[in-house]
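See below for the structure under consideration.
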2 protein chains.
Amino acid sequence: MAELYLEDFTVGQRFTSATHRIDADQIKAYAAQFDPQLFHTDEVAAQASFFQGLAASGWHTAAITMSLLVKSGMPIAGGLIGAGGEISWPRPTRPGDVLQVESEILAVTPSRSRPERGMITVKSETRNQKNEVVQVLTSKMLVWKKP
Amino acid sequence: MAELYLEDFTVGQRFTSATHRIDADQIKAYAAQFDPQLFHTDEVAAQASFFQGLAASGWHTAAITMSLLVKSGMPIAGGLIGAGGEISWPRPTRPGDVLQVESEILAVTPSRSRPERGMITVKSETRNQKNEVVQVLTSKMLVWKKP
């Protein structure tokens, strides 16, 4: 894909990523390092928890989403640099889920003080193989103008 | 620490986590898996990038923040279950940074429909050893009432 500059983005534009299949081993490995709670690390304990079965850490879903965006989701020239945004997890990511990210450009805003750059606002929905949304991320990302 | 129920939380209450020192190897290992961009994986290339040096993925900072919250930051009974929130990264996390999370309770909201539970709104600032804020996360978390 060609690398995209601020001038290449328009409101309503959409991007679809490749897919990533998550399994129990990935869920447990991530959780052991960053979110060591039983509903992320132990199938049996997870059954009795709020999640009623093993669920990925929301931050793991966010990490896979970022990975899909970087590798296939949105080829921003100079890389994907996020300033922040809003994130929600309407339902858990489960072992065996095949995740895919669909992104829509909500706003394209040239910088007032920095003529060489701007920001885009992007809504990225991460869906599983049943087309259920497991994460919604609305983020602002730095984008350069054409040199 | 005692496990905390909804009745134990009050607006303005604060919690301080343990610390975690991040180094270049951790930054590169996380990035290789989840955010493979040169400013997160290669010191030399990072010098010429927006970040002007190796920087952790924002999602890595979020993951370390979650790890600190789970292990030492806020002992919620039944675990830390977030529904989502707002996240921002005012400055990058760098190799050698020692991260610590300070959380403040912004709201305590019993559920109208579910008498056994409620939500708390928590602002968690992740700071480095110079007391600079590298991440602000304002999240809603599920909390159970006392059984």
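The values are calculated or read from the model by the stated rules, or taken from the named source; none is laboratory data. Being a predicted model, the structure only gives us computed values, none of them experimental. Cβ coordinates were reconstructed from backbone atoms using ideal geometry, including for glycine residues, and neighbour counts include every protein chain displayed. Remember, those area values only see protein heavy atoms, side chains included, never the ligands or the DNA or RNA. Shrake-Rupley method; radii C 1.70, N 1.55, O 1.52, S 1.80 Å.
Structural remarks
- Subset tally (residues that are within 14 Å of chain B (Cβ to nearest Cβ), in contact with a helix residue (DSSP H, G or I) (Cβ under 6 Å, 6 or more places away or on another chain) and open to solvent by 20 Å² or more (accessible area, probe 1.4 Å)) for the range A:92-112: 0
- Residues within the range A:77-91 that are more than 10 Å from chain B (Cβ to nearest Cβ) and either surrounded by 20 or more Cβ atoms within 10 Å (Cβ to Cβ) or under 23 Å from residue A:7 (Cα atoms) (or both), tallied: 1
- Hits in the range A:57-66 - residues which are open to solvent by 10 Å² or more (accessible area, probe 1.4 Å) and free of Cβ contacts under 8 Å to residues at least 40 places away in the same chain: A:59, A:66
- The range A:67-76, subset in a helix (DSSP H, G or I) and open to solvent by 20 Å² or more (accessible area, probe 1.4 Å), residue farthest from the other protein chains (Cβ to nearest Cβ): A:72
- If you filter the range B:23-53 down to residues that are touching a Ser or Thr at 6+ places or on another chain (Cβ under 8 Å) and more than 12 Å from chain A (Cβ to nearest Cβ), you find that the one that is surrounded by the most Cβ atoms within 10 Å (Cβ to Cβ) is B:27.
- Restricting attention to the range A:1-22, the residues that are away from chain B (no Cβ under 14 Å), within 19 Å of the chain's Cα centre (by Cα) and polar (S, T, N, Q) add up to 3.
- Residue list for the range B:1-30, restricted to those being touching a Leu at 6+ places or on another chain (Cβ under 9 Å) and on the phi < 0 side of the Ramachandran plot: B:11, B:15, B:17, B:18, B:19, B:20, B:21, B:22, B:24, B:27, B:28
- Qualifying residues in the range B:113-130 (those that are in contact with a strand residue (DSSP E or B) (Cβ under 9 Å, 6 or more places away or on another chain) and loosely packed, with under 13 Cβ neighbours inside 10 Å) - the one nearest to the other protein chains (Cβ to nearest Cβ): B:116
- Among (1) over 12 Å from the mean Cα position of the chain (by Cα); (2) under 25 Å from residue B:65 (Cα atoms); (3) of a type in the set (Ser, Thr, Tyr), the one test that residue A:139 misses: (1)
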